Amino acid sequence: MSSEPNVLLSARVYDRQVGGNTRYVRSVYERIEQFGVRFTLGRPPLADTSARLRSALYAGSESVYWPVRSSRRYTALHFPADTGAIVRGKVPIVGTIHGLATLHMEGVRTPRADSLWRSRVRKLARVSDRVITVSQSSADDIAFFEPTVADRISVIHHGIDHDRFNTTRRGDFAATQARLGVPSDYFLYVGNLDPRKNIVALANAAQRVFRATGIPLVVSGSPAWDSEDSLKAVESNEGVLYVGRTSDDDMISLLQNTLAFCFPSLYEGFGFPVLEAMACGAPVICSDRGSLGEVAGQASLMLADVDDASIADAMLSLIEEPRERARLRELGIANAAKFQWSESAAMHADVFREVGR
């Protein structure tokens, strides 16, 4: 077998934009060849068809066909988005499992969908020669969920796009303010509107802060699953300015000029928004849930309690302490700099080299 890894990568989330999983696989594979790894994108016949048929074709190819029929010229199969093979393959299998939010909160999926998803995740974990995950928090969850794979888990942090998220790419904040109606002083949330993000509590906290200080919370993002309560909260609470999904330039400008970025999430497998905010120089208030304690750590004002009052108290404390905002800003910039896609790609290459021996 060749000493140079040659990976068959499922293109299911590589080809179609599905958020964080797509960002992960594209960012790693854009860089992995410089670390001596060749790869081929695996696509079933008729992959460019209706979404429903495409999903069925990928399910069949990933679960059985590719593991059983793949040529031995490949040194590994990689399934990068939680599910994939359900049988052992002719060549080693690497599965990336990003997180297990359903262990920590209800309502992420319907009971039937969650049962099926858990079954597929467990099967991929069992047949994988190596499981990659994105944080120690997620690794602990996977080991609890499927103890037989505990000694085959590799933690590889994501990187972030430092060309986009930084303090030197300065936008025209005055133009952003004019377009969006944003005042000079504001708190900021950027991300999906869904129950996992704890938007209702954040909006209620923002109302308290606004009534005490006149400083609003700006919310940028799109409704996601079960978003009705979250959307109602941001549209109806006094002191919350909902600007919808913004352009890239406006988002960067908002991050660079906010008093603090607020992210009291109930669970995160990794936490891209927190690191992206830090890279832009925003002081960060976030929960300690899921991976956030690990990823944000002492570079943030971290909340053990994520109720309205606790979030409001944290926001008010940063208004009154400009030195603390400056301290968190510097710590955040340094922390975000640790998360590099090139390092993530190099560690993936090491995994493929090890399983292919």
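Counting protein heavy atoms only, region 213-280 has 46 percent of its accessible area on carbon and sulfur, 1.4 angstrom probe. Excluding ligands, DNA and RNA, the accessible surface per residue across region 1-70 is 53 Å² with a 1.4 Å probe.
Among LYS232, LYS90, the sequence by solvent-accessible area, most first, with a 1.4 Å probe is LYS232, LYS90. Paramagnetic label reach from TYR65 (point 7 Å along Cα→Cβ; backbone nitrogen cut-off under 19 Å): within region 15-41, residues 15-16, 40-41. Backbone N atoms of region 217-257 closer than 12 Å to the 7 Å Cα→Cβ label point of LEU266 belong to residues 226-227, 229-230.
Entry note, region 43-164: relative contact order of 19 percent, from Cα contacts under 8 Å with a spacing of 6+ residues. Protection proxy ranking of 137-147, 91-101, 175-185, by the mean of other Cβ atoms within 10 Å over each peptide's residues and highest first, is 91-101, 137-147, 175-185. Taken over the C-alpha atoms, the chain has Rg and Dmax values of 21.4, 68 angstrom.
Ligands, DNA and RNA left out, the 1.4 Å accessible surface of region 309-357 is 50% carbon and sulfur atoms. Percent of C-alpha pairs per 10 Å bin in region 123-175, short distances first: 22, 33, 14, 16, 12, 2.
When both region 289-349 and region 21-74 are represented by their alpha-carbon centers, they are found 34 Å apart. Pull up the DSSP beta bridges for the chain and report the antiparallel fraction as a percent, rounded to 5. Within the chain, antiparallel bridges account for around 5 percent of the total. Length gained on full extension, GLN136 to ARG109: 7.4 nm, using 0.36 nm per residue less the C-alpha separation. In plain terms, the chain from PHE35 to ASP313 could stretch by 95.4 nm, reckoned as 0.36 nm per residue minus the Cα-Cα distance. Would you list, by chain and number, the lysines whose Cα falls below 25 Å from the Cα of LYS123, excluding same-chain residues fewer than 8 positions away? The reachable lysines, counting only those whose Cα sits under 25 Å from LYS123, are LYS90. Annotation: per residue accessible area for region 80-184 equals 46 Å², rounded to a whole number [probe 1.4 Å, protein chains only].
The accessible surface of region 1-111, taken with every protein chain in place and a 1.4 Å probe, is 50 percent carbon and sulfur.
The values are calculated or read from the model by the stated rules, or taken from the named source; none is laboratory data. Treat the numbers as computed from the prediction; the structure is a model and nothing was measured. Cβ coordinates were reconstructed from backbone atoms using ideal geometry, including for glycine residues, and neighbour counts include every protein chain displayed. We work out accessible area using only protein heavy atoms, side chains counted, and drop any ligands, DNA or RNA first. Shrake-Rupley method; radii C 1.70, N 1.55, O 1.52, S 1.80 Å.
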